[in-house]
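Read-outs throughout are calculated quantities, based only on the coordinates presented, and are distinct from any laboratory measurement. Bear in mind the structure is a predicted one, so any value in this text is a computation, not a measurement. Backbone-built Cβ (ideal geometry, glycine too); neighbour counts: all protein chains shown.
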Amino acid sequence: MRALILTLCALALSGCGLRPMYGGGAGSEVATMLRSVEVGPIEGQNGWLVRNKLVDRLSESGEGTAAYRLDVTLDDNITAFGIRGDQAATRERRTLRARFQLVSVKTGLVLVDATAGSDAGIDIVSSEYATVAAEQTALENLSEVLADQIVARVGLYASRTHSEQ
């Protein structure tokens, strides 16, 4: 009975049209396209973090054979809230947003123009050092989330355009 249910589930899933984005592994069209994306410079410390995360995820070859360029603009904001009676903040919210464009190097055409973002809560404690360290840790974590979102969106574009060809 269990085998019958598993077989029926497998048949139902195969008919739904879902397929793995990276089907074929490192040699797939999507993986190949992602390796041909060059990440442009991004301003500031937060830009340095996000750019390094993107380069790691895209496996940028650095051979100068990039077919695409990824341009990213960041907006980093820390907002205090949770105000006590003495007007001191007890909590912060760090928000990191990115507007990114995937540009064809050959034609200059913008292929993807989208945004990504995430936020994190930070407790403000009596130690200023601990608060600054928490803000830095939040920035590092948000950089990873942003890089994942951007690569997923670019990968989705690659899988849709290669499946249509």
Estimated inter-spin distance, Leu8 and Ala88, nm [label 7 Å along Cα→Cβ]: 6.3
Charge-dipole axis of the range 22-164 as Lys and Arg at +1 and Asp and Glu at -1 on Cβ define it, positive-most pick from Leu58, Tyr68, Trp48: Tyr68
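I need the trypsin sites (Lys or Arg not before Pro) found in the range 28-106, filtered to DSSP loop residues with at most 12 other beta carbons within 10 Å of theirs. Write down the numbers at each step before the final one.
Working: sites: Arg35, Arg51, Lys53, Arg57, Arg69, Arg84, Arg91, Arg93, Arg94, Arg97, Arg99, Lys106; in loops: Arg84, Lys106.
The qualifying sites are Arg84, Lys106.
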Two-site FRET efficiency, Asp113 against Phe81, from Cβ-Cβ distance with R₀ of 41 Å, rounded to 0.05: 0.80
Simple SL model, points at 7 angstrom along Cα→Cβ for Glu128 and Thr32; separation in nm is 5.6
What residues qualify as long-range amide H neighbours of Leu111, i.e. H under 5 Å apart, gap of 5 or more or another chain, H built at 1.01 Å from N? Leu102, Val103, Ser104
At 7 Å along Cα-to-Cβ for each site, give me the label-to-label distance between Asn141 and Ser59 in nm. 2.9
Could you sort 118-125, 107-114 so that the peptide with the highest average Cβ count within 10 Å comes first and the rest follow in order? 118-125, 107-114
In Å and from the alpha-carbon atoms only, list the Rg and Dmax of the range 22-164. 18.1, 61
